[in-house]
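This report concerns only the one structure given below.
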Amino acid sequence: MPFGQIAIGPPGSGKTTYCAGMHQFLNALGRKTIIVNLDPANDNIPYTSAVDIGELITLEDAMNAYHLGPNGGMVYCIEYLEKNVDWLLEKLKPYADDEYYIIFDCPGQVELYTHNNSMRTIVRRLEKQNY
């Protein structure tokens, strides 16, 4: 069972910077570490992600396809990930052993945690798979 952490917080609070720094720190200690980017709006990341939601859907694609604003697009993307959580689980399979420490870089929009259950459902599914 791998171990890890989920980085959440308000937009612009430094989640991505924290994830990059923690990745560097843990790797310097000799710990195999990966970052999973779950923020579909995060297209300028300072790290190489092992899994990136941008391969599944991006905020820009959702906004353009469905004529949504940024918040509506973000909700759509996370709900899309929830419906396609098997994609995420498949991408995580190579890192499913005890060797890896997994850092999840999550979006900061508060609506995703207070008015929507998708992130909670995704995390519960990861827990059921021993992540």
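Points worth noting:
- Qualifying GluC sites (Glu not before Pro) for segment 81-131 [loop in DSSP, other Cβ within 10 Å: at most 10]: 99
- Per residue, segment 57-100 exposes an accessible area of 58 Å² to a 1.4 Å probe, with every protein chain left in place.
- Taking each residue as 0.36 nm, the span from residue 60 to residue 85 lengthens on full extension beyond its C-alpha to C-alpha distance by 7.0 nm.
- GNM on the chain, alpha-carbon springs under 10 angstrom: the most fluctuating residue among 40, 94, 107 is 94.
- Neighbourhood charge, 12 Å Cβ-Cβ cut-off, centred on residue 15 and excluding it, Lys, Arg +1 and Asp, Glu -1: -2
- Overall, the chain carries a charge dipole of about 360 debye about its Cα centre when +1 sits on the Cβ of Lys and Arg and -1 on the Cβ of Asp and Glu, all other atoms neutral.
- Using a probe radius of 1.4 angstrom, the carbon and sulfur fraction of the accessible surface of the chain is 51%.
- Between segment 23-37 and segment 56-131, the alpha-carbon center distance in angstrom: 21 Å
- Whole-percent pair-distance distribution, where bins are 5 Å wide, for the alpha carbons of the chain: 2, 11, 21, 24, 21, 13, 5, 2, 1, 0
- Positive-pole candidate from 58, 76, 21, dipole of the chain, charges at beta carbon: 21
The values are calculated or read from the model by the stated rules, or taken from the named source; none is laboratory data. Just so it is clear, the structure is predicted and the values come from calculations on it, not from any experiment. We place every Cβ from the backbone using ideal geometry, glycine too, and count neighbours over all the protein chains shown. Ligands, DNA and RNA are excluded from the accessible area calculation, which covers all protein heavy atoms including side chains. Shrake-Rupley method; radii C 1.70, N 1.55, O 1.52, S 1.80 Å.
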